[in-house]
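So the structure is just underneath, and the comments pick up after that.
What follows draws every value from the coordinates through simple rules; no lab data is involved. Everything quoted here is computed from the prediction, not taken from an experiment. Here Cβ is always computed from backbone atoms with ideal geometry, including for glycine, and neighbour counts include all displayed protein chains.
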Amino acid sequence: MSSLGGMLPLVLMFVVLYFIMIRPQMKRQKEHRAMIEALAKGDEVATAGGVLGKVTRLGETTLHVEIANGVEVQVQRSAVSQVLPKGTIK
């Protein structure tokens, strides 16, 4: 009986850790994956490196982003950190 009482704080700590750290991280990953899969031509995006641009072409794992008139860069889909509202980039 005493060994069960000794393990209770450890189990309780793991449960709290799960709800405070692990579960929210899994939720953010799921939302990011859904956002990346929903990317479409014409979307305005911000990359993890801080580059803002408009999606011009989509590939399986990469996409082409126009960062200025006539200037395109190729980035990995996973590098997109957020989709911006239309009209953000002038």
One quarter of the C-alpha convex hull surface, i.e. the mean projected area of the chain in nm², amounts to 7.9 nm²
More than 13 Å apart: what percent of Cα pairs in the range 40-90 qualify? 49 percent
Does anyone have the angle between helix 23-37 and the longest principal axis of the chain? Alpha-carbon axes, 0 to 90°, nearest 10? 20 degrees
Taking Cα atoms, how many degrees apart are the long axis of helix 2-17 and the longest axis of the chain, rounded to 10 and kept between 0 and 90? 20 degrees
Work from the charge dipole of the chain (Cβ charges, +1 for Lys and Arg, -1 for Asp and Glu, about the Cα centre) and give the residue of SER81, ILE22, LEU58 farthest towards its positive end. ILE22
Give the aspartates and glutamates whose C-alpha is closer than 15 Å to that of LYS41, dropping any in the same chain fewer than 8 places away, or say none. GLU60, GLU66, GLU72
Protection proxy ranking, peptides 5-12, 69-76, average beta carbon neighbours within 10 Å, highest first: 69-76, 5-12
Could you compute the net charge surrounding GLY59? Neighbours are other residues with a C-beta less than 12 Å from the C-beta of GLY59; K and R count +1, D and E count -1. +2
